[in-house]
Amino acid sequence: MKPENRRSEVAHSLPERESALAELSTDPSSRKRFLKMMGGGGAAALAMVVAACGDEKDKGTSSQPASGGAEKSGGGKGDLEIVNYALTLEYLEAAFYKDVAGSGLFKGADLETIKQFGDQEQQHVEALEATVKKLGGKPAAKPKTEFPLEDAKKVLQTAADVENLGAAAYLGQADKIESKEVLAAALSIHTVEARHAAALNTLLGKPNTPDGAFAKPASMDEVLSKVKPFIVG
Amino acid sequence: MADSQLASPELSGVEIHGMSRGAFIMRGALVTGAVYGGGMVAPFVRQAIAQSGGGDVDIVNFALTLEYLEAEFYKQGEKLGLSGDVSKLAKQFGDEEQQHVEALSATVEKLGGKAAAKPKFTFPIKDEKSFLKLAVTLEDTGVSAYNGAAPAIESKEVLAAAGSIVQIEARHAAAIRLARKDNPSPDAFDKPLDEEKVLEAVKPLIKS
């Protein structure tokens, strides 16, 4: 596909982006639609995950694993939702790098970096799909995405934004994952997102650790509202 | 073993003088990293921690020992007369590692434990080139060590703190790799692919 075609497609579809998933972060019924797109889960399970995300204030009292019984009964379902959420983000990242690599905006070393990061996101997609199946679930449907690809600098900034958000998204789920195996997998992806984020920030002349010495997590709601503009269906 | 057979010979020159459990595991991690590469220490750390069976206090004290090492490394690196950008990174990273030291010391005490003493370290660095090379390996080692240890953490709060720190280690690793014109993200997963092989080979280190 010629880069010009891709760009005009993006421009053409811009108005649609406003309506699709526009209410996701604030409207519970939209959140249910997102859940359906993620596949496999019930609205109740996502509601549980979302509720857990918004429940940071109470965390201090539950630092000891006193809720062992609840973890045993509800853990698997929660992990499945979290992995499908991560999978959705990885689909988005992989699609983004693919579009960028095909845009004709980058050459040489920059193009190689973009291809390499994109390839790594695709490997995350495959690993997470396999994890969902191992947990007995159905992998989330791949969202339809559109990204603004007007100029190289802005595209790099979008890449950095998405990677920093991705790292924060994994960090936001780490203490909610019940299975040690799933946690180990998520952590091994989390630090790769962080490497991508730091590398892109460096290329843009921005701080490699924008949060300082301690990275900040992002909740599912926060992440979904930020990726919403890129999802068209 | 001859240097030419080691994945990261620079790690074999790092010395840790201390008797704490954390210092012991850290020495094993460095040997594993020297033989297999800094990114390969996760299975060793996981196994060593399982072996010690000490729970969150032991894990946090191990992380604290790692942060002592990194903070001291950057402090000594700054004395080498590094060039502009590298000097800036060393100062920034040293400061951030020191903040990790303080946070982890506080965490150990909050858990009712006693913070591990700071061991004495010796680093084989003599110029900017050797500094950068070891910095990359140490940061990759740090990422791998945290990722190996974190799943064994029981407290959700401690796990969240460890996650927040390991992300910074990964960012340091990428930035210092770029400063060295290395690939900032050499693998799709920050974990060893041939984990079983590494585990088999490092068994003697875990038991000694």
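I'm checking a number: the convex hull volume of the Cα atoms of the range B:1-108, normalised per residue, in Å³. What is it? Can you show the working numbers first?
Values: hull volume 12.3 nm³, N = 108.
Convex hull of Cα atoms, per residue: 114 Å³.
With +1 on the Cβ of every Lys and Arg and -1 on the Cβ of every Asp and Glu, and nothing else charged, how large is the dipole of chain B about its Cα centre, in debye rounded to the nearest 20?
Working: 23 positive and 29 negative charges, 70 e Å.
With only Lys, Arg, Asp and Glu charged at Cβ, the dipole is about 340 debye.
Provide the per-residue ³J(HN,Hα) series for the range A:127-139, in order, calculated from phi with Karplus coefficients 6.51, -1.76, 1.60 and θ = phi - 60°, each as a whole number of Hz, with x at glycine and proline positions.
My calculation for the range A:127-139 gives 5, 6, 4, 5, 5, 4, 5, 4, 7, x, x, 10, x Hz in order.
Can you put B:TYR36, A:TYR85 in order of Cβ neighbours within 10 angstrom, beginning with the fewest?
B:TYR36, A:TYR85
Near A:GLN116, within a Cβ-to-Cβ distance under 12 Å, what is the net charge of the other residues, with Lys and Arg +1 and Asp and Glu -1?
Once positives and negatives cancel, what remains is -3.
Return, ordered by residue number, the residues of the range A:177-214 whose backbone nitrogen is under 16 Å from a label point located 7 Å along Cα→Cβ of B:GLU102.
From the range A:177-214, the list is A:212-214.
Only helices at least 30 Å long along their axis, Cα-based, and averaging -0.5 or more on Kyte-Doolittle count here, so list those DSSP H runs from chain B.
Values: long enough: B:55-78 (35 Å, -0.10); B:84-110 (39 Å, -0.78); B:128-149 (31 Å, 0.05); B:156-179 (35 Å, 0.67).
For chain B, where a helix must reach 30 Å along its axis and average at least -0.5, the hits are B:55-78, B:128-149, B:156-179.
Amide H neighbours of A:THR145 under 5 Å, at least 5 residues apart or on other chains, H built in the peptide plane: list them.
HN-HN under 5 Å from A:THR145: A:VAL232.
Quantify how strongly other chains surround peptide B:147-155 by giving the mean number of their Cβ atoms within 10 Å of each of its Cβ atoms.
Per-residue shielding by partner chains comes out at 5.
Going highest first, how would you order A:170-181, A:200-211 by mean Cβ packing within 10 Å?
A:170-181, A:200-211
Can you pull a Stokes-Einstein diffusion coefficient for chain B at 37 °C (0.692 mPa s), Rh from Kirkwood over Cα pairs, as a whole number of µm²/s?
195 µm²/s
Where does the charge balance sit around B:LEU6 when Lys and Arg score +1, Asp and Glu -1, over other residues with C-beta under 15 Å from its C-beta?
Result for the local shell: -2.
Where a number appears in this text, it was derived from the coordinates with a stated rule and is not lab data. Everything numeric in this text was worked out from a predicted model, so none of it was measured. Cβ atoms come from the backbone with ideal geometry, glycine included; neighbour counts cover every protein chain shown.
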